[in-house]
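I have placed the structure first, in the form of structure tokens, so that the comments after it can refer back to it.
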Amino acid sequence: MRFILGVLLQQVVVNQAANDLLFYVEDRPMQVSTSLENMRINAKVEVNTTVDSIKSRDAIAKNMQKRVLELVGTDVGLKTQYMTAIEEATKDFLQAGSCLMLAHNMVVPTDAVKQSSTCIYEYKVWDAAETDEALKELLVLISKMKDYTTATLLGDAAQKLALSNFKEKYVEIGEKFKDDACTLLSVVDRLSALVFPEEWQGQIETMACLRHSYSEKYTVRECYGGEGFLNVDIEVGLPTVVKKFMKVTPLNYEGYELYREPGHIFAIDSTTNQLKYLKCNEGIDWNSDSMPLCKVIPMPEPCQTFLISEEISLAIAACDFGKYDPTIVDRLGDDGILIMGKGAKVREEGRNIPQKPPLVIYSNNVLNVEVAGETYTFSNQVKIKYPQLMFSRLDATQIAALVYKGSWGDFWRAFNITDYIQYIIILIEGLLAPVTLTTAIYTFCKCKNCKRIGDTVDENMQPRGSIPMRDLNRRLNFEQNRALLMKN
């Protein structure tokens, strides 16, 4: 009976429903470094070959294939038994030669450059001497078959055995030659593009000249050719002080959540269980990817205290909030499904989940989350021991207070006193504009009236103490008339 009851409970997502969500939810563990050391090492990649030696090896392989072809003749059985494998092996030899030629062309000797570091890593994946020695061994084997013919080969088991031994050796050497030569090309090609070969990491970490660490970041700075070598300068970022945290995702209420500066993330210190801000440096290219260099900033008090003690109203009063675009839906580190999309519709096995976001759902069944016409489907391959639904403990009044404080917080954070003064000046100018315009019009009209009065004064009035204009005119007429009479 207990077994049957347990099975039935597993079919339902909401085995428990709890209003346990407040202002944030724990996501996943993370490690950061608070101190980073920089080192330089030099790598030497051996590409010790020449164009002539590459062509010589190709010719040897072709000649050996030709000799085997002469031995098997036109016999179909011998061709099937020997030539198919020999031809494939010859392709390996020729492909190895092509890889070596390309690698050789990338390692053109340049002017001598001093080593950038006394810590030197030497990489040698292909050994020219070893390959040449193997070819000599093959030549010895095939030389012992110089007197063989197709006829003798068909009738002599010992000759067939000798040819079989040669075939196996030829195939083995060809495969190794191709693998080593083309691996060398792959490494040289990546280094030339300033890409660090990941397969080097385990070997470099064991070097005595490099301080032991983990999660190092290797950055290729420069490559230059040498005599049979590709020289590589590598910069190493070594995390020296490492701290463990639990990353935290703030819960979003109507667009508002706990405020943090741009580029900051919330985390809980695994040692002290205190909330912190992490400001991780993204501007250093030798910074470790898995263990980035971060500045740890304490969360101010009393906000942190009220968040940890889960005193909702006091936390809203003490903490800062801001407007952010919420994470619509995401899978947490413990396989819970976090839903914060506005208006999200959640279904599990045909069952509607009535609670509004933010929600965290732990379920062993398929969840469908629909937000703004988009559907997200989550299936869980990890068995959840206690399926449950978690929703917010904040009531409508508390959410309204959080949103109100967040909106005013955004306003004051965006507030700039210089802009404010400029707005005041513009406002004053706007208010004074009608007065200024009226004064200007009045002055203009008054000046026009004054001009008319002035014209009248010029014609009809004279300054005090002067002779009136009409008297001057009479005197002028009198003088002119008298002059005329005297002439007569």
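Within the stretch 139-152, residues that are charged (D, E, K, R) reach partners that are assigned to a helix (DSSP H, G or I) with beta carbons closer than 8 Å, at six or more positions or on different chains, in the pairs Lys144/Ala162. Does the stretch 180-191 contain at least one residue that is over 30 Å from Glu88 (Cβ atoms) and within 33 Å of the chain's Cα centre (by Cα)? Yes, the conditions are met somewhere in the stretch 180-191. Condition (residue is at pLDDT below 95, assigned to a helix (DSSP H, G or I), in the same structural domain as Gln201 (by TED's automatic domain parsing) and not charged (D, E, K, R)) applied to the stretch 112-121: is it met by at least one residue? Within the stretch 112-121, not a single residue is at pLDDT below 95, assigned to a helix (DSSP H, G or I), in the same structural domain as Gln201 (by TED's automatic domain parsing) and not charged (D, E, K, R). When the stretch 43-69 is limited to residues that are in contact (Cβ under 8 Å) with a residue 60 or more places away in the chain and out of contact with any helix residue (DSSP H, G or I) (no Cβ under 8 Å at 6 or more places or on another chain), the one that is surrounded by the fewest Cβ atoms within 10 Å (Cβ to Cβ) turns out to be Lys44. Only one of the listed residues (Val360, Val435, Val403) is under 21 Å from Thr327 (Cα atoms) and in a helix (DSSP H, G or I). That residue is Val403. All conditions in (1) under 26 Å from the mean Cα position of the chain (by Cα); (2) free of Cβ contacts under 8 Å to residues at least 24 places away in the same chain; (3) at negative phi hold for Ser290, with the sole exception of (2). Per the listing Tyr123, Tyr82, the residue uniquely of a type outside the set (A, V, I, L, M) and farther than 30 Å from Gly237 by Cα is Tyr82. For the stretch 343-357, the set of residues classified as out of contact with any Gly (no Cβ under 7 Å at 6 or more places or on another chain) and either assigned to a strand (DSSP E or B) or under 23 Å from Glu26 (Cβ atoms) (or both) consists of Ala344, Lys345, Val346, Arg347, Glu348, Arg351, Asn352, Ile353, Gln355, Lys356, listed by residue number.
Quick one: in the stretch 318-348, of everything that is of a type in the set (Gly, Ala, Ser) and loosely packed, with under 14 Cβ neighbours inside 10 Å, which residue is modelled with the lowest pLDDT? Out of the qualifying residues, it is Gly343.
Residue count for the stretch 24-40 under the criterion of being hydrophobic (A, V, I, L, M, F, W, C), modelled with pLDDT of 90 or more and more than 20 Å from the chain's Cα centre (by Cα): the result is 1. Close contacts from the stretch 171-190, counting a first residue that is among the acidic types (Asp, Glu) and a second that is in a helix (DSSP H, G or I) and surrounded by fewer than 20 Cβ atoms within 10 Å (Cβ to Cβ), with Cβ to Cβ under 8 Å and a gap of 6+ residues or different chains, come to Asp189/Leu102; Asp189/Met106. Does the stretch 66-94 hold any residues that are among the aliphatic types (A, V, I, L, M) and either outside any helix (DSSP H, G or I) or under 17 Å from Thr150 (Cβ atoms) (or both), and which are they? The answer is Val68, Leu69, Leu71, Val72, Val76, Leu78, Met83, Ile86.
Quick one: which residue in Thr150, Thr131 is under 24 Å from Asp52 (Cβ atoms), among the hydroxyl-bearing types (Ser, Thr, Tyr) and surrounded by 13 or more Cβ atoms within 10 Å (Cβ to Cβ)?
Thr131
Of all residues in the stretch 241-262, those that are without any contact (Cβ under 8 Å) to a residue 40 or more places away in the chain and under 17 Å from Lys279 (Cβ atoms) have Cβ atoms under 9 Å from Cβ atoms of residues that are assigned to a strand (DSSP E or B) and of a type in the set (D, E, K, R), 6 or more apart or on another chain, in Glu261/Lys279.
If you go through the stretch 153-171 and keep only what is surrounded by 14 or more Cβ atoms within 10 Å (Cβ to Cβ) and either over 19 Å from Thr80 (Cβ atoms) or not assigned by TED's automatic domain parsing to the domain that holds Met207 (or both), you end up with just Lys169.
The values are calculated or read from the model by the stated rules, or taken from the named source; none is laboratory data. As the structure is a computational prediction, the values presented were derived from the model and not from experiment. We place every Cβ from the backbone using ideal geometry, glycine too, and count neighbours over all the protein chains shown.
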